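The block underneath contains the structure these notes are about, expressed in structure tokens.
Since every read-out is calculated from the coordinates, none of them should be taken as a lab result. In this text, all values refer to a predicted model and were calculated from it rather than measured experimentally. Virtual Cβ from ideal backbone geometry, glycine too; neighbours counted across all protein chains shown.
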Amino acid sequence: MITPSRETIAKRIKAGWEPERARKRWTQSRPSRKRNEPSRSWKLRNGSNKSHDANMPLATRPIPQLSEAQKANFAKKVKKGQQDECWPWVASRNRKGYGQFAIQNYPVIAHRIAYILEHGSIPNEAPHILHRCDNPPCCNPAHLFAGTNEENIKDMVAKGRSAKGDRTGPRLHPECMPRGSRHHGAKLNETQVVEIRRRRKAGDFLRKIANAFMVSEATIRHIIAGKIWRHVP
Ligand SMILES: [Zn+2]
């Protein structure tokens, strides 16, 4: 707290300020708040004792009660269309394309509010709000349904949004995945692997090749079958 200067205090007293009352108000009427207890303002706007946890994932965070003004503000940002059409969020979107809305600086995902305005609340046992249309900015309540975390993941996989094929980590960042002779446990290198395959094609016995390269016969078999060193042609 900034302590006001002597002049400021004199000015305030002249204007009718009572220092004793102010001091009392500061020290006595202020209930002490325990660590980790939600602030009073949060309780007021959320109507619950549930803490506003900034670490809670946006996708399942509880949403505070909306005032009429906030509801009107929300409606302005949704471009309503026909009942079967998507109603896109026209205001700001997050990185994944979902609409974002702030309730007194508390960030929430727009389509979750659309669901609440239609159904009253989000069921506790199904805290995710999913899109039937798979269109992230869509806020048409007819396209939304509540689901569990598993349902959300299943839905993501079914609609092809999960990381697979060329979208997996090792494909996106091959430099992070040491293959072949870059692997710390590698017993062979790329040239040797090419040579092993050539020899086998020429009709050499597995045992003979294994001895020549000082690896097991199983290793040679796996190389020939393409189970290991698959990235080497
Ligand atoms: Zn839609």
Surface/4 estimate of mean projected area, convex hull on alpha-carbon atoms of the range 55-166, nm²: 7.7 nm²
Computed lengthening from GLU195 to THR3, 0.36 nm per intervening residue step minus Cα-Cα distance: 60.9 nm
On each of the three principal axes of the Cα atoms of the chain, give max minus min coordinate, whole Å, ordered largest first. 105, 57, 30
So the angle from the long Cα axis of helix 190-201 to the longest Cα principal axis of the chain, reported in degrees to the nearest 10, equals 40 degrees
Placing +1 at every Lys and Arg Cβ and -1 at every Asp and Glu Cβ, with all other atoms neutral, what dipole size does the range 93-231 have around its Cα centre, in debye to the nearest 20? 1060 debye
What list of ³J(HN,Hα) couplings, whole Hz, do you get for the range 72-84 from phi and the Karplus terms 6.51, -1.76, 1.60, once you set θ to phi - 60° and write x for glycine and proline? 5, 5, 5, 4, 5, 9, 10, 8, 6, x, 5, 4, 8
Using a 7 Å offset from the Cα along the Cα-to-Cβ direction at both ARG12 and ALA163, what is the distance between the two label points in nm, to one decimal? 5.5 nm
For the chain, what relative contact order do you get, as a whole percent, if you take Cα pairs closer than 8 Å and at least 6 residues apart? 10 percent
Neighbour-count ranking [beta-carbon atoms within 10 angstrom, fewest first] of CYS86, CYS176, CYS138, CYS133: CYS176, CYS133, CYS86, CYS138
So how far, in whole Å, is the C-alpha centre of the range 85-135 from the one of the range 169-233? 51 Å
Ranking LEU188, ALA225, ASN211 by how far each Cα lies towards the positive end of the charge dipole of the range 176-225 (+1 on Lys and Arg Cβ, -1 on Asp and Glu Cβ), the top one is ALA225
Along its three principal axes, how long is the range 176-225 when you only count alpha carbons? Whole Å, largest extent first please. 37, 17, 16
When only DSSP loop residues count, what GluC sites (Glu not before Pro) in the range 127-206 have their Cβ near at most 11 other Cβ atoms within 10 Å? none
